[in-house]
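One structure below.
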Amino acid sequence: MNLRDLHYLVALAEHRHFGRAAEASFVSQPTLSTQIKKLEDELGVPLVERTPRKVLLTETGREIARRARGVLAEIDEIKAIAQRTRDPESGTLRLGIFPTLGPYLLPHLVPLVRDRFPRLEWLLVEEKTEQVIRMLREGSLDVGVLALPLHEDSLHTEFLFEEPFVLAVPEAHPLAHKKQRLKLGDLQDESLLLLEDGHCMRDQALEVCHLAGAGERSGFRATSLETLRQMVAANVGITLLPTLAIKPPVARTDNVHLIEFSGHAPSRRIALVWRKSSSMGNFLKRFAEVIRSMPADLLRPSIGEAKPAGRARTAG
């Protein structure tokens, strides 16, 4: 048994197709098929059910593939230890971030990181929180930028910043003409446009609705913040937006009026998250300090000074 064969088995478990698994492994299909058969012969048990249309792993195959992922992740950790010892600020960082933060944080963060760690290579993955956590556990990501709270004993969290929400309403909405800053009670009996299930910001917005006595607009769930923003512009309803999503380089959207909350505004708390067993802990703490060094004004709505709102440009 060798690491290459474990890679092949994991690829087959993920793709459930010999051709696609071979392509992902950069080998020919006959080569991958032969090596899987050799692994079965060596272990003395079938790992794969071969059917005309698809490939299924046996129960034993699924369990071995699961454990193989852990072995391969540990091997990556060993390589990372050596790399970080040779040069702590070079190499590759696989970072996961959720969709309602990534397009708005990264344009501000990427230049800071490039300046502080010029030899660091980024591999960015944008996925919902649950998927980022799964990839962290399996070792396919080194670190994640996620919203708190998290309930994962295997992960270390390093608090980064608190991001206030603002309310976005059409210009003709009664709240758009409010002379003072918004109170939670002003949302009582309002119905907010929210994201679909799986977005952590949906849960945060529902919590605000619960505290304010507001509800969810029935019959509509968006897949992105940009959809929510455009629905407000089209007079469909009102919604919450995080502060970074209203800051340049985001452009203004017509017919979207932004309202700041008074006092301690509803917000989300953002953290850098990595496996407690990771060899990169010391470096990631320095990485967290770079994120914390972003200008404080980025996390202040400052709506009275400007009224930006609109489509974001993602960092490339």
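The values are calculated or read from the model by the stated rules, or taken from the named source; none is laboratory data. As the structure is a computational prediction, the values presented were derived from the model and not from experiment. Cβ placement follows ideal geometry from the backbone for every residue including glycine, while neighbour counts extend to all protein chains displayed. The area values use the complete protein model at the heavy-atom level, side chains included, leaving out ligands, DNA and RNA. Shrake-Rupley method; radii C 1.70, N 1.55, O 1.52, S 1.80 Å.
Of LEU72, LEU95, LEU120, which residue is more than 19 Å from ARG268 (Cβ to Cβ), touching a strand residue (DSSP E or B) at 6+ places or on another chain (Cβ under 7 Å) and at pLDDT 90 or above? Walk me through it before giving the result.
Numbers: LEU72 fails: touching a strand residue (DSSP E or B) at 6+ places or on another chain (Cβ under 7 Å); LEU95 fails: more than 19 Å from ARG268 (Cβ to Cβ).
Going through LEU72, LEU95, LEU120 in turn, the sole match is LEU120.
Checking the structure you have, find out if any residue of region 158-168 is touching a residue at least 12 places away in the same chain (Cβ under 8 Å), open to solvent by 20 Å² or more (accessible area, probe 1.4 Å) and in a loop (DSSP other than H, G, I, E, B). Step through it out loud before you land on a result.
Pass one, region 158-168, residues touching a residue at least 12 places away in the same chain (Cβ under 8 Å): 158-168.
Add one more test, that the residue is open to solvent by 20 Å² or more (accessible area, probe 1.4 Å), and what stays is 158-159, 162, 164.
So of that shortlist, the ones also in a loop (DSSP other than H, G, I, E, B) come out as none.
Checking region 158-168: not a single residue is touching a residue at least 12 places away in the same chain (Cβ under 8 Å), open to solvent by 20 Å² or more (accessible area, probe 1.4 Å) and in a loop (DSSP other than H, G, I, E, B).
Out of region 48-65, which residues are part of a helix (DSSP H, G or I) and touching a residue at least 40 places away in the same chain (Cβ under 8 Å)?
Listed by number, the residues that qualify are GLY61, ARG62, ILE64, ALA65.
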Task: Residues of region 189-231 that turn out to be in contact with a Lys or Arg (Cβ under 7 Å, 6 or more places away or on another chain), open to solvent by 20 Å² or more (accessible area, probe 1.4 Å) and either assigned to a loop (DSSP other than H, G, I, E, B) or among the β-branched types (Val, Ile, Thr) (or both), as a count - done: 2
- [ ] Tell me which residues, restricted to region 74-108, are of a type in the set (Gly, Ala, Ser), farther than 30 Å from ALA222 by Cα and surrounded by 13 or more Cβ atoms within 10 Å (Cβ to Cβ).
- [x] ALA80, SER90, GLY91
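Condition first: in contact with a helix residue (DSSP H, G or I) (Cβ under 9 Å, 6 or more places away or on another chain), open to solvent by less than 30 Å² (accessible area, probe 1.4 Å), under 25 Å from ARG252 (Cα atoms) and in a loop (DSSP other than H, G, I, E, B). Can you find one or more residues in region 175-188 that meet it?
Our first condition is that a residue be in contact with a helix residue (DSSP H, G or I) (Cβ under 9 Å, 6 or more places away or on another chain); within region 175-188, this holds for 175, 178, 182-188.
Keeping just the survivors that are open to solvent by less than 30 Å² (accessible area, probe 1.4 Å) gives 175, 182, 187.
Checking the rest, the ones that are also under 25 Å from ARG252 (Cα atoms) come to 175, 182, 187.
Okay, now just the ones that are also in a loop (DSSP other than H, G, I, E, B), so none.
No, because not a single residue in region 175-188 is in contact with a helix residue (DSSP H, G or I) (Cβ under 9 Å, 6 or more places away or on another chain), open to solvent by less than 30 Å² (accessible area, probe 1.4 Å), under 25 Å from ARG252 (Cα atoms) and in a loop (DSSP other than H, G, I, E, B).
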- [ ] Can you tell me which residue among VAL71, VAL113 is touching a residue at least 24 places away in the same chain (Cβ under 8 Å), closer than 23 Å to SER279 by Cα and open to solvent by 50 Å² or more (accessible area, probe 1.4 Å)?
- [x] VAL71
Open item on the list: I'd like to check something: does region 107-117 contain any residue that is assigned to a helix (DSSP H, G or I) and within 9 Å of the chain's Cα centre (by Cα)?
Closed with: no
Task: Every residue from region 31-56 that is closer than 12 Å to HIS17 by Cβ and in contact with a strand residue (DSSP E or B) (Cβ under 8 Å, 6 or more places away or on another chain) - done: VAL48, VAL55, LEU56
- [ ] Answer yes or no: is there a residue in region 241-251 that is under 21 Å from the mean Cα position of the chain (by Cα), surrounded by fewer than 17 Cβ atoms within 10 Å (Cβ to Cβ) and closer than 21 Å to GLU127 by Cβ.
- [x] no
Task: Residues (under 15 Å from HIS7 (Cβ atoms) and outside any helix (DSSP H, G or I)) located in region 29-47 - done: LEU47
- [ ] Considering each residue of region 187-233, count those that are free of Cβ contacts under 8 Å to residues at least 24 places away in the same chain and either in contact with a Phe, Trp or Tyr (Cβ under 9 Å, 6 or more places away or on another chain) or more than 23 Å from LEU244 (Cβ to Cβ) (or both), and give that number.
- [x] 2
Open item on the list: With among the hydrophobic types (A, V, I, L, M, F, W, C) and farther than 12 Å from PHE287 by Cα as the only criterion, which of VAL113, VAL145, VAL132 stands out?
Closed with: VAL132
